[in-house]
1. Applying 1/(1 + (r/R0)^6) with R0 = 25 Å to the Cβ-Cβ distance of Arg234 and Leu12, what FRET efficiency is obtained, to the nearest 0.05?
2. Does anyone have the angle between helix 36-46 and the longest principal axis of the chain? Alpha-carbon axes, 0 to 90°, nearest 10?
3. Quick one: net charge of Arg49's neighbours, Cβ under 13 Å, K/R +1, D/E -1?
4. List the residues, sorted by chain then number, that are 5 or more residues from His119 or on another chain and whose placed amide H is less than 5 Å from its amide H.
5. Identify all lysines with a Cα-Cα distance to Lys126 below 20 Å; exclude those on the same chain that are fewer than 8 residues away in sequence.
6. With the cut-off at 1.5 for a/c, could you classify the range 1-109 from its C-alpha gyration tensor as rounded, prolate or oblate?
7. Set the Förster radius R0 to 22 Å, insert the Cβ-Cβ distance between Ala68 and Leu145 as r into 1/(1 + (r/R0)^6), and round the FRET efficiency to 0.05.
8. Rank the residues Met237, Met124 as a footprinting-exposure proxy: fewest other Cβ atoms within 10 Å of their Cβ go first.
Amino acid sequence: MPSIEIHQFPCLKDNYGVLVHDRVSGATASIDAPDPAAVSAAAADKGWRISHILVTHHHADHTGGITALKAAFGSTVYGPRIEAARIPGLDVAVGEGDKIRLGDHEITVLETPGHTVGHVSYWMPKDRVVFVGDTLFAMGCGRVLEGSHEMMWASLSRIAGLPRDTAIYCGHEYTEANARFALTIEPENVALSKRAHEVEMARAVGLATLPTTVQQELDTNVFLRPHSFSIRNRLGMRAEADWRVFGEIRTRKNKA
Ligand code: ZN
Ligand code: FE
């Protein structure tokens, strides 16, 4: 039995809360702090105490629960240095390459800016899992609110470059809408059509479509596929840089 257990649960409108628990030490990390009541209830359900809060970015749907959770559990709050002033209760400001320990497990900080300029992801290389907040979603990606398309493309490329069997946990359940949009960009992608159908069936009965994997996103996420000849053809961008093709797909999604 692996010593890490991950518990994902829906909260707020379409957010996911995620608890990462080390069975050996009992250490438990909450990835972001969306709804404090939902996160506390999930921890109580499992009999876990939240020792760490790992914040991906400053948006309220990821930080709104920090103060209450910290008061309840005495958790240590980690978050991006660049957004330190906007994250309540921050104890440890982190940046690229920093390591955080959860029991004997190592978490590596990856800077993945674009959605916000300080956005970070938390990668557990040995456990083959990454928590990407609002950078990447299943068949989608976050809105580029503070950074540039080039910056966001670089961040997505880093996630796409992790080992292919890495599980990806994301901040939101946006998969069904993402799939519908993706089919307008790459309708001839058979893996995408198949996955879109599976997602529709899962959502119809209220099942989560996350986590996903690096491999699955490489195959079906149009935001990671600007090299695709059929996408380039459709967009009339045969010779453009990947990040520009990505930017065009992101712009179209904003209008969809
Ligand atoms: Zn956000
Ligand atoms: Fe969010």
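Bear in mind these aren't lab numbers, they're just calculated from the coordinates by the rules spelled out. Treat the numbers as computed from the prediction; the structure is a model and nothing was measured. Neighbour counts are summed over all protein chains in view; Cβ atoms, including those assigned to glycine, are modelled from backbone coordinates with ideal geometry.
1. Computed FRET efficiency for Arg234 and Leu12: 0.10.
2. Its long axis makes an angle of about 70 degrees.
3. Spelling it out: positives minus negatives among the neighbours equals 0.
4. Hits under the 5 Å cutoff: Gly114.
5. Of all the lysines, those that pass the test against Lys126 - Cα under 20 Å, at least 8 places apart if same chain - are Lys99.
6. oblate
7. 0.30
8. Met237, Met124
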